[in-house]
Amino acid sequence: MPCPESCGRDVGETLNSRAIAVKPMNLTLNPYLQLMRLDRPVGTLLLLWPTLGALWMASDGFPDIALIVVFVTGTVLMRAAGCVVNDIADRKFDGQVERTTQRPLASGAVATKNALILFCGLVLAASALLGFLNPLTRWLAVAGLGIAVLYPFMKRWTYLPQVVRTGRGAGLTQQEAEDLAQDTLTTFLEAAHRFEGRSHVRTWIFGILYRKLAEARRGFAKDRRFDDIDDVFESRFNEKGSWSRPPEAADVRLRRGEVRGEISDCLEQAPERQRLAFHLREVEQVSTSEICNILEVSRTNLGVMLFRIRNRLRECLESKGYGGSADADV
């Protein structure tokens, strides 16, 4: 029996009303998923590898399934809690940085009060897992919670994350950048009594970093010349002589973020002072006056350095086929 026209309208209105009822649920759910970074599970996986590796070593064999479930669940919960408290700490700054303007707290999609409630709920859920662990592990978990809560706020006092990122931006490996950060902090503490307050503490620390970076480069370059060839082969080939990690195909490499690698390669070709100026300005968002004090250059010279490295970066990327003229070399 055909449905009259009024029936079609009723069905349409029913579907529309249901769509309207469901849509707000998605809009209110998604920001919380984003706040916990559940839409980006890579960070959780990076935490799981050392967690499970340590669990396997401590168990001296295959651990109990219940322990695996506890640690996997705890890793997911605490990673989410760490992301929430990080965004709470940075909520007034994220809106001023293009990369983080769309984070739920910065955009206003989630209220700070609701984020705090979510953080407490995640911590309570993770705390429930402690009943399955021994007393020592419980105390270690409490210490870990303290570090997770304090870390986002300590970024405003120690500047160590910025120092490490600057070292990486200057072309050092992760380990070299961490060693440089420790060396910079040690020198800062030793010379703290000489700080007269005529500049910002960050300017002074980055000034120390700039000098340490020059010293570190000379030392790292010397060490690299004497790398044991056996270590190099062992890191690249297995005992059968095959690649431990075969080179990636071109299409796979492209999918894994070739652009970022090309940018790093292009920056590597730039003079060190220009590269450091570019990192401080574009990545760390350091003010022009602070960069001038750190590098001991005038505003005009800094402008010339930034102009040159930006042009160098553009020309390098165009030569690799990214943007620019149609006849750029690939």
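May I ask you to verify whether residue 168 is under 21 Å from the mean Cα position of the chain (by Cα), among the charged types (D, E, K, R), open to solvent by 20 Å² or more (accessible area, probe 1.4 Å) and closer than 20 Å to residue 295 by Cβ? Considered against the rule, which asks whether it is under 21 Å from the mean Cα position of the chain (by Cα), among the charged types (D, E, K, R), open to solvent by 20 Å² or more (accessible area, probe 1.4 Å) and closer than 20 Å to residue 295 by Cβ, residue 168 comes out as yes. The single residue among 44, 73 that is touching a Ser or Thr at 6+ places or on another chain (Cβ under 7 Å) and of a type in the set (Ser, Thr, Tyr) turns out to be 44. The residues of the range 133-153 that are of a type outside the set (Val, Ile, Thr), open to solvent by 40 Å² or more (accessible area, probe 1.4 Å) and under 14 Å from residue 80 (Cβ atoms) amount to a single one, 145.
When residue 53 is tested against (1) farther than 25 Å from residue 284 by Cβ; (2) of a type outside the set (Val, Ile, Thr); (3) surrounded by 12 or more Cβ atoms within 10 Å (Cβ to Cβ), only condition (3) is not met. Of all residues in the range 59-92, exactly one satisfies the criterion of being aromatic (Phe, Trp, Tyr) and in contact (Cβ under 8 Å) with a residue 12 or more places away in the chain, namely 71. Does residue 69 qualify as being open to solvent by 60 Å² or more (accessible area, probe 1.4 Å), out of contact with any Asp or Glu (no Cβ under 6 Å at 6 or more places or on another chain) and at pLDDT 85 or above? Yes. For residue 256, are the conditions met, namely being more than 20 Å from residue 165 (Cβ to Cβ), exposed (fewer than 12 other Cβ atoms within 10 Å of the Cβ), at pLDDT below 85 and touching an Asp or Glu at 6+ places or on another chain (Cβ under 8 Å)? It is true that residue 256 is more than 20 Å from residue 165 (Cβ to Cβ), exposed (fewer than 12 other Cβ atoms within 10 Å of the Cβ), at pLDDT below 85 and touching an Asp or Glu at 6+ places or on another chain (Cβ under 8 Å).
On the given criteria, is residue 216 surrounded by 14 or more Cβ atoms within 10 Å (Cβ to Cβ), modelled with pLDDT under 80 and not in a helix (DSSP H, G or I)? When the stated conditions are applied, residue 216 does not pass them.
When you go through 264, 289 one by one, which is the residue that is under 18 Å from residue 172 (Cβ atoms), open to solvent by 20 Å² or more (accessible area, probe 1.4 Å), small (Gly, Ala, Ser) and assigned to a helix (DSSP H, G or I)?
Numbers: 289 fails: under 18 Å from residue 172 (Cβ atoms).
Selected residue: 264, the only one of 264, 289 that is under 18 Å from residue 172 (Cβ atoms), open to solvent by 20 Å² or more (accessible area, probe 1.4 Å), small (Gly, Ala, Ser) and assigned to a helix (DSSP H, G or I).
Examine the range 56-75 for a residue that is in contact with a Lys or Arg (Cβ under 8 Å, 6 or more places away or on another chain) and closer than 19 Å to residue 149 by Cα, and state whether such a residue exists. No, because not a single residue in the range 56-75 is in contact with a Lys or Arg (Cβ under 8 Å, 6 or more places away or on another chain) and closer than 19 Å to residue 149 by Cα.
Among residues of the range 195-213 being open to solvent by less than 60 Å² (accessible area, probe 1.4 Å) and of a type outside the set (A, V, I, L, M), the one that is farthest from residue 174 (Cα to Cα) is 197. Taking (1) over 25 Å from residue 93 (Cα atoms); (2) in a loop (DSSP other than H, G, I, E, B) in turn, residue 197 satisfies each apart from (1). For the range 27-42, the criterion of being in contact (Cβ under 8 Å) with a residue 40 or more places away in the chain, surrounded by 12 or more Cβ atoms within 10 Å (Cβ to Cβ) and aromatic (Phe, Trp, Tyr) is met by at least one residue. Filter the range 72-93 down to the residues that are open to solvent by less than 50 Å² (accessible area, probe 1.4 Å) and of a type in the set (D, E, K, R) and list them by number. Within the range 72-93, 79, 87, 90 meet the criteria.
Taking the range 151-191 as the range and being within 15 Å of residue 216 (Cβ to Cβ), outside any loop (DSSP other than H, G, I, E, B), at pLDDT below 80 and among the polar types (S, T, N, Q) as the test, the residues that pass are 174, 175. Among the residues of the range 97-132, those identified as open to solvent by 40 Å² or more (accessible area, probe 1.4 Å), touching a residue at least 40 places away in the same chain (Cβ under 8 Å) and not in a helix (DSSP H, G or I) are 97, 103, 109.
The values are calculated or read from the model by the stated rules, or taken from the named source; none is laboratory data. For clarity, every value in this text was computed on a predicted model and none was experimentally measured. Virtual Cβ from ideal backbone geometry, glycine too; neighbours counted across all protein chains shown. Only protein heavy atoms, including side chains, enter the accessible area calculation; ligands, DNA and RNA are left aside. Shrake-Rupley method; radii C 1.70, N 1.55, O 1.52, S 1.80 Å.
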